[in-house]
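Accompanying notes for the structure given below.
The values are calculated or read from the model by the stated rules, or taken from the named source; none is laboratory data. Note that this is a predicted model, so its numbers are computed, not measured. Here the Cβ is made from the backbone with ideal geometry for all residues, glycine too, and neighbour counts use every protein chain on show. Protein only, heavy atoms only, side chains kept; ligands, DNA and RNA dropped before computing areas. Shrake-Rupley method; radii C 1.70, N 1.55, O 1.52, S 1.80 Å.
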Amino acid sequence: MKTLHEIEDIERYLLDQLEPQSRVLFEARLLVDPILKIRVQWQRKIHSIVRRSGRRQLKTELERIHRQLFVDPSRSQFQQKILQLFSK
Amino acid sequence: MIAPEPKISIKVAEERGHGFVSLYEDAFPMVAGFVARNGGTFQDAKDIFHDAFVILYEKLVFESFTPEITEEAYLVGIAKHLWIRKFKDDDRKIPMDQMEEGISLSEEYFDDSENRLTSMLEMTGRKCMELLRAFYYDNLPLQKIRRLFGFSSVHSASVQKFKCIEKMRNVIQQKSMNYEDFA
């Protein structure tokens, strides 16, 4: 549980959710605790990786919508309109 | 524990799918028109539109941003910036109004240095990645996350989130010991 609490503290720090006082305390701990400092870096990396993964997921959804709009026969008017733009 | 839950991401996608389709239908022709006028291909239009869509989504979700104009017009504005970036086109050749000029794109979006690590963590910890995306990328309300992932309480959803971070951290730690230039 101790680890999970630390992860929670780091998250609050990264997401800027700490009260000013707690923030000062946390920053003081960072100065003297190199392991905590590395853990903060890793957790920041995780946030950035999750964001990257979220983007991929969103792009997959957009690809699906794109296919849907460009194969569905009931949308042929839409398709024609777009394809005409590129026919010149 | 995460209950056996098939295709969570698709479930979320279905929920927001309707709004996405109608925005796609309304905005894609405008972006495609811009790309076509500047000599781009249908594929260019699609790529630029998808990036613009993701950038808008992130602005709406992370920055609680409310555009003063329609989302469609905003997408066109982002697309112009992406075009200039992609083809190193002189920005004076792309006419922009004041609102469009004010749009800034974060450099972080174009950094793909973490792609391999992302793929690895998606593969080894799919469920954790889905849960963390719901929290950090889609910013879903706790109650909704609880429902979608089948947790008994919001507390257990949060605990699982921190366990997932711990798990990922251990993987990253392991990797960083193998490659010195990692951290």
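Overview of values
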| quantity | calculated |
| --- | --- |
| For chain B, size of Cβ-based charge dipole, Lys and Arg +1, Asp and Glu -1, in debye | 980 |
| Accessible surface of the protein assembly as shown [probe 1.4 Å, protein heavy atoms]: carbon and sulfur percent | 52 |
| Residue among A:14, A:62, A:36 with the largest mean-square fluctuation in a Gaussian network model of chain A, springs linking Cα atoms under 10 Å | A:62 |
| Rough spin-label spacing in nm, given labels placed 7 Å along Cα→Cβ, for residue A:60 and residue A:74 | 2.6 |
| Positive-end residue, segment A:2-85 charge dipole about Cα centroid, Cβ charges, pick of A:83, A:43, A:22 | A:83 |
| Prolate/oblate/rounded label for the protein assembly as shown (Cα gyration tensor, a/c 1.5) | prolate |
| Three-way shape call for segment B:107-156 based on the alpha-carbon gyration tensor, with the a/c threshold at 1.5 | oblate |
| Tensor-based shape of segment B:11-166 (alpha-carbon gyration tensor, a/c under 1.5 rounded, otherwise prolate or oblate) | prolate |
| Exposed-loop-free span, longest in chain B, where GluC sites (Glu not before Pro) count as exposed if DSSP calls them loop and at most 12 other C-beta atoms lie within 10 Å | B:69-179 |
| Fluctuation leader among B:139, B:115, B:38 - chain B, Gaussian network, Cα springs under 10 angstrom | B:115 |
| In segment B:105-183, chymotrypsin sites (Phe, Trp or Tyr not before Pro) in a DSSP loop with at most 14 other beta-carbon atoms within 10 Å | B:179, B:182 |
| Summed side-chain charge close to residue B:72 - residues other than residue B:72 whose Cβ falls under 12 Å, Lys, Arg +1, Asp, Glu -1 | -3 |
| Surface per residue (accessible, 1.4 Å probe) for the protein assembly as shown, Å² | 56 |
| Gaussian network model of chain B, springs between alpha carbon atoms under 10 Å - residue of B:77, B:17, B:102 with greatest fluctuation | B:102 |
| Exposure of residue B:146 as accessible area (Å², to 10), given a probe of 1.4 Å and all protein chains | 60 |
| Residue (of B:77, A:4, B:113) at the positive-pole extreme of the protein assembly as shown, dipole from beta-carbon charges | A:4 |
| Pairs beyond 31 Å (Cα-Cα), from A:81/B:80; B:80/B:144; B:88/B:167; A:37/A:59; B:80/B:161; A:2/B:175 | B:80/B:144; B:88/B:167; A:37/A:59; B:80/B:161 |
| Buried area at the A-B interface (accessible, heavy atoms, 1.4 Å probe, summed, Å²) | 4700 |
